[in-house]
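Please treat every number below as a calculation from the coordinates, not as lab data. In this text, all values refer to a predicted model and were calculated from it rather than measured experimentally. In this analysis, Cβ positions are derived from the backbone assuming ideal geometry, glycine residues included, and neighbour counts consider all displayed protein chains.
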Amino acid sequence: MLAGVLGCEVGSLPTVYLGLSLGAKSKALEIWNSVIERCEKRLSNLKGQYLSLGSRIILVNSVLDALPTYVMSLFPDSLRRNFIWQGNKEKKAIHLVKWECLITSKKDGGLGIRDLKAHNQSLLMKWLWRYNLETDALWRRFIHDKYGQDDQWCSNSVNCPFGVGVWRAIRSFWPLLAGNVSFKVGNGRKILFWHDNWLGHGPLKVLFPNFYTIATLPDINLESAKGVHEWNITFRRLLHDWELERVVDLFKTLESFQGFKESEDRLCWKSGSDGVYTVKSAYNY
């Protein structure tokens, strides 16, 4: 009935949407046959046996760059390796250099062929970056409500053994992203005093682990930790004499704090010139 109202046909799964199989098991090899055939057809039309090695390298990158990014990570590297060393010849050619050397950047002595695994990882990490920016987006609210959020910057990890593993795979890259960001202090409400790298030297729980373990409020945010005239940092026991020198070091470290701003706290990507995450900067990191 609804199909009649909308004027559309009733289909069935699995089907093809945007060139990819929809509704089929993502790990089934047969659903990617058409995608692999498209890649092989494009490479075979290039008459690779008449091209130099340098020309084949350029064409490998050009062909794959012309394909959608959500497909690129699914191609087996054997297609690219074989085309580079033997072109379209049926006779197998010797691979003179390890594949790891070919996908190394040119400035590091490689040939600059794109590492599809690293590129796909950079694309997935972009979603974690957007999770912090698009707080009112429908997809972000869905992830927040489905998995919850104890941390201020990312959803809870996905541990359920069933269901679609898309966000599970994306969420697994959060430790990698978090290790390459600093925190721009705004009002101090999202930044955690002990956990986040808000001073740029590393998390305080790593720099001063002994004090973190005895902190009265280990999950206190920066706004609550900073009083009007002094820091509101308390411990569950009295400090020993031999710990006083480290306490002095802690408060000397806190002297670099420049105060709050009216804006919200935000992430800063270390590898970007303006602190903004880009796929290119993450891939080259």
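Results, tabulated for the structure shown:
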item	result
Lysine pair count for region 161-261 [Cα-Cα under 15 Å; pairs on different chains or 8 or more apart]	5
Debye, to nearest 20: dipole size of region 120-179, +1 on Lys, Arg Cβ, -1 on Asp, Glu Cβ	180
Within-15-Å neighbourhood charge of LEU192 [Cβ basis; K, R +1; D, E -1]	-1
Cβ-derived FRET efficiency at R0 22 Å, GLU37 paired with ILE94, nearest 0.05	0.25
